[in-house]
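The values are calculated or read from the model by the stated rules, or taken from the named source; none is laboratory data. Computed from a prediction, not measured in an experiment: that's the story for all the values here. Glycine gets a Cβ as well: all are built from the backbone with ideal geometry, and neighbour counts include every protein chain shown. For the accessible areas, the whole protein counts, side chains as well, though only heavy atoms, and no ligand, DNA or RNA atoms are used. Shrake-Rupley method; radii C 1.70, N 1.55, O 1.52, S 1.80 Å.
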Amino acid sequence: RERLERELRDSEERYRSVIQSSPDLIWATNKAGRYVFVSDRVRDLLGWDPEEVLGRPFREFIAEGAVAASNAEWAELAQHPGRTQTQRLDLRHRDGSFRPFEVSSVAVVRDGEVENVYGIARDVAERERLERELRVSEERYRFLVENSPDIIYATDAEGVITYFSESVERSLGWIPSEVVGRHFRDIVRSEGGMPTGRRFAEMAGGRPDLTTRMEILDKHGEYRPFEITASAMRIDGEFSGVHGSARDVRERERLERE
């Protein structure tokens, strides 16, 4: 018995050590929804001492507008014991503000009633900030690309076109969906008899970028002169394709001839 008691104490100490060192907030409530355990991480994430949280209902720590959804989540947990449910909740900081968290919960049910609910709350403020900034950056990039007078394009490592900006319709009559998925050799040819694809092979072999003149096929079957700028894309050192721009130089070449 003493040996088993020692092993139990050791196991509990290991468990407690793992919980208290976790970067996430670990918690447990009883069947009434009152906290019976919160890890010390609550102090760093929400400013509360664990003793201030214990015994209080979880509804006191979520935004008022989320109470109905949380009650529905509680009922869902009771119907599916052992199944983890995850939701995004704003939890109340001790200073009165609310912080975004991703909360995962699982219920232990005995005799058809919830006995305890255990869960993990992960602070997602930084992740959501980065996601917002990424969306803003993508919208700004998309605006610049779609309003550029040049054609913006991208290919994969095999030379298959993966992106063409809307400006291709103004310049060549194609709509992007008619071009995306085709190999660049289908619509591009080099000048002076140079084999199409030699420049692409140079970039695949290590050349970082280039600017050259090529001709691109329009929707009516005619080739038009373009100044092509290309940069090699690499992921973990491996060539993954090319992206760049194509500028219509017909007017410039006409002026140069004149």
In Å², rounded to a whole number, the accessible area per residue of the chain with probe 1.4 Å is 61
Residue 79 and residue 253 label points (each 7 Å along its Cα→Cβ direction) are spaced in nm at 6.8
Rounded to a whole %, the carbon-and-sulfur portion of the accessible area of the chain at a 1.4 Å probe is 49
Summing -39500 (n - 2.57) over every DSSP H run of at least 4 residues in the chain and dividing by its residue count gives a helix-only mean residue ellipticity at 222 nm, to the nearest 500 deg cm²/dmol, of -10000 deg cm²/dmol
The Kirkwood hydrodynamic radius of the range 1-121, taken as the inverse of the mean 1/r over all distinct Cα pairs, in Å, comes to 15.3
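Restrict the search to the range 133-194; then list the GluC sites (Glu not before Pro) that DSSP places in a loop and that have at most 12 other Cβ atoms within 10 Å of their Cβ. Don't skip to the answer; put the middle values down first.
Working: sites: 133, 138, 139, 146, 158, 166, 169, 178, 191; in loops: 158, 166, 191.
Loop-located and lightly packed - 158, 191.
Considering only the other residues whose Cβ falls under 13 Å of the Cβ of residue 222, what net charge follows from Lys and Arg at +1 and Asp and Glu at -1? List each step's numbers first, then the result.
On the way: positive: 189, 219, 224, 250; negative: 215, 218, 248.
Around residue 222, the charge tally is +1.
Taking the Cα centre of the range 85-147 as the origin, how large is its charge dipole in debye, to the nearest 20, when only Lys and Arg (+1) and Asp and Glu (-1) carry charge on their Cβ atoms?
Values: 12 positive and 14 negative charges, 40 e Å.
Once rounded to the nearest 20, the dipole reads 200 debye.
Averaging sequence separations of C-alpha pairs under 8 Å and six or more residues apart, then dividing by the length of the range 26-168, give the relative contact order as a whole percent.
Numbers: 222 pairs, mean separation 26.1, N = 143.
Relative CO of the range 26-168 lands at 18 percent.
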The simple spin-label model distance between residue 183 and residue 235, using points 7 Å out along Cα→Cβ, in nm, is 2.2
Over the Cα atoms of the chain the radius of gyration and the largest Cα-Cα distance (Dmax), both in Å, equal 30.2, 103
Phi angles of the range 223-234, converted by Karplus (6.51 cos²θ - 1.76 cosθ + 1.60, θ = phi - 60°) into ³J(HN,Hα) in whole Hz with x for Gly and Pro, give 8, 10, x, 9, 8, 9, 10, 9, 10, 7, 9, 9
Along principal axes, largest first, the alpha-carbon spread of the range 141-214 in whole Å comes out as 32, 23, 21
In the chain, taking the dipole from +1 charges on Lys and Arg beta carbons and -1 charges on Asp and Glu beta carbons about the Cα centre, the listed residue (58, 22, 221) farthest towards the positive end is 22
Taking only the alpha-carbon positions of the range 73-149 as identical scatterers, the Debye log10 I(q)/I(0) at q = 0.18, 0.20, 0.26, 0.28 Å⁻¹ comes out as -0.81, -0.88, -1.09, -1.15
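Can you tell me, using C-alpha contacts under 8 Å and at least 6 residues apart, the relative contact order of the chain as a whole percent?
Numbers: 420 pairs, mean separation 29.7, N = 258.
So the answer I get is 12 percent.
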